[in-house]
Amino acid sequence: MSRPISRRTLLITALTAGIGALAAFLYRRSQPVYVVVEPDAAIPPQGLTIISRAEWGAREPDHEASGEYGFADRATEPAWYVYPDPLPDVYNTVAIHHSASLLSTNETMASVQNLHMDRNHWADVGYHYAIDKGGLIYEGRDIHVRGSSVGGYNTGTIGVVVMGNFEYDEPLDVQLTVLQTLINWLTTTYTLTHLAGHGEFNPESVCPGKNMLPHLDTLAQIAGLQRGTDGHVKPT
């Protein structure tokens, strides 16, 4: 089985052969394969601004990273996995995290990515979205790619991190307001059914912090989501 060639060969292209759908390029270990998916990476509505990876200066994914090496053919494999199906058929749960750095540290999205890539040795930042202390939303890992935020339960889960250490900090009102708006949009866009905190998937973790936990029920209720991890479907 051959190793993937340089990540620079990864391409995303549009197919126009009478179907008008986007084509997401899925590199399999043996040879490249183009997979047609629906144009389901929706554009946020007016009033919900998301800072793109290009705007915040994201590093390119590193597919040689030891903690997330190569590319997966199936969802049961642990490597970088591009969903071949329309995203509303894939996602069911939004997982809420804290970054575990105090608000006073003025953490940036770049520093979160650096931590995940340089310390955890993942291919990219693990979360799909992040919210900083000013209420700005950042695009994280490509929404078409499985995240790396809840061990053993990443397939079908959208990871959202709120910057701060909510074992000590209190989430700011602006963060909660923006988080609710983001969750509402994700719910309707990807037909989510559940909301959970990271520690509900992985009990050894205190994430998203004791001061964020009391807000999860309200966030879920307003978005019309059920609470907990029961939405997760184990990949086969």
Problem - Residues satisfying the stated conditions in the range 188-236, i.e. small (G, A, S) and either surrounded by fewer than 15 Cβ atoms within 10 Å (Cβ to Cβ) or touching a residue at least 40 places away in the same chain (Cβ under 8 Å) (or both) - result: A196, G197, G209, A223, G224, G231
Practice task
Provide a single number: the residues in the range 88-130 that are under 15 Å from H63 (Cα atoms), assigned to a loop (DSSP other than H, G, I, E, B) and aliphatic (A, V, I, L, M).
Solution key: 2
Practice task
Considering (1) assigned to a helix (DSSP H, G or I); (2) farther than 26 Å from P88 by Cβ, say which one D169 fails and leave the rest.
Solution key: (1)
Completion exercise
T191 meets each of (1) out of contact with any helix residue (DSSP H, G or I) (no Cβ under 8 Å at 6 or more places or on another chain); (2) modelled with pLDDT under 95 with one exception, condition (1)
Handout entry: From the options G156, G126, G140, G151, residue that is surrounded by fewer than 19 Cβ atoms within 10 Å (Cβ to Cβ), touching a residue at least 24 places away in the same chain (Cβ under 8 Å) and not aromatic (F, W, Y)
Key = G151
Exercise for the section: From the list G147, G134, G152, pick out the single residue that is assigned to a loop (DSSP other than H, G, I, E, B), out of contact with any strand residue (DSSP E or B) (no Cβ under 9 Å at 6 or more places or on another chain) and within 22 Å of P61 (Cβ to Cβ). Expected result: G152
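The values are calculated or read from the model by the stated rules, or taken from the named source; none is laboratory data. All of these numbers come straight from a predicted model, not from anything done at the bench. So basically every Cβ, Gly included, is an ideal-geometry build from the backbone, and we count neighbours across all protein chains shown.
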